[in-house]
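This report concerns only the one structure given below.
The values are calculated or read from the model by the stated rules, or taken from the named source; none is laboratory data. Since the model is a prediction, treat every value here as computed from it, not as a measurement. Every residue, glycine as well, gets a Cβ built from its backbone with ideal geometry; the counts of neighbours run over all protein chains shown. Ligands, DNA and RNA are excluded from the accessible area calculation, which covers all protein heavy atoms including side chains. Shrake-Rupley method; radii C 1.70, N 1.55, O 1.52, S 1.80 Å.
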Amino acid sequence: MKEKKIVGYIIIGFFLIYIISFFIRNENEKFTISLVNNNLLIKFPNKIFVKDYAIKDYEETNQSNINKIFEYKTILEKEYYQEVNEVFIRDISNYGIKENHAYFYTMFQEDNKNSSKKLKSLGFCIKKDFVLVQGSREKDSDFINKCH
């Protein structure tokens, strides 16, 4: 009888751990960025309405000394206005995107439940044949160092 209680507590414990991990999971982990030849493929977990997107240089910033405002250099910016599961950016070398350098992908999206725009941002860098994505709690400086 005692063994059944222990097994029950263990099952309840695993169930609670699963539920907690579901809620603290990084929302960016639902998005994937991959490299297909010289193209970037950004996939979403479901269809979303993408208003516009941009790729910005994570490392090159202009800082205003007065207000300490950082402005990231925009590499690519595009109005999109489409409901899609993915965004495919062709010929990234034409935009000066290179290996071992940190960038971030930003987009404004709308969803069916809320018509207001939401900003999503995801840090990434290209390492040989794959794309390294910044973790949700990873410091910017640590991610930039990881890219080099």
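Sorted on the mean count of surrounding Cβ atoms within 10 Å across their residues, most packed first, peptides 81-89, 52-60 read 52-60, 81-89. Ligands, DNA and RNA excluded, the heavy atoms of S141 present near 70 Å² of accessible surface to a 1.4 Å solvent probe. Phi-derived couplings, Karplus 6.51 cos²θ - 1.76 cosθ + 1.60 at θ = phi - 60°, listed residue by residue for the stretch 99-104: 5, 6, 9, 7, 10, 9 Hz, with x used for Gly and Pro. Relative to the current alpha-carbon distance between K98 and V131, full extension at 0.36 nm per residue lengthens the span by 10.7 nm.
A simple count of charges around G96, restricted to other residues whose Cβ falls under 14 Å of its Cβ and scoring Lys, Arg +1 and Asp, Glu -1, yields -3.
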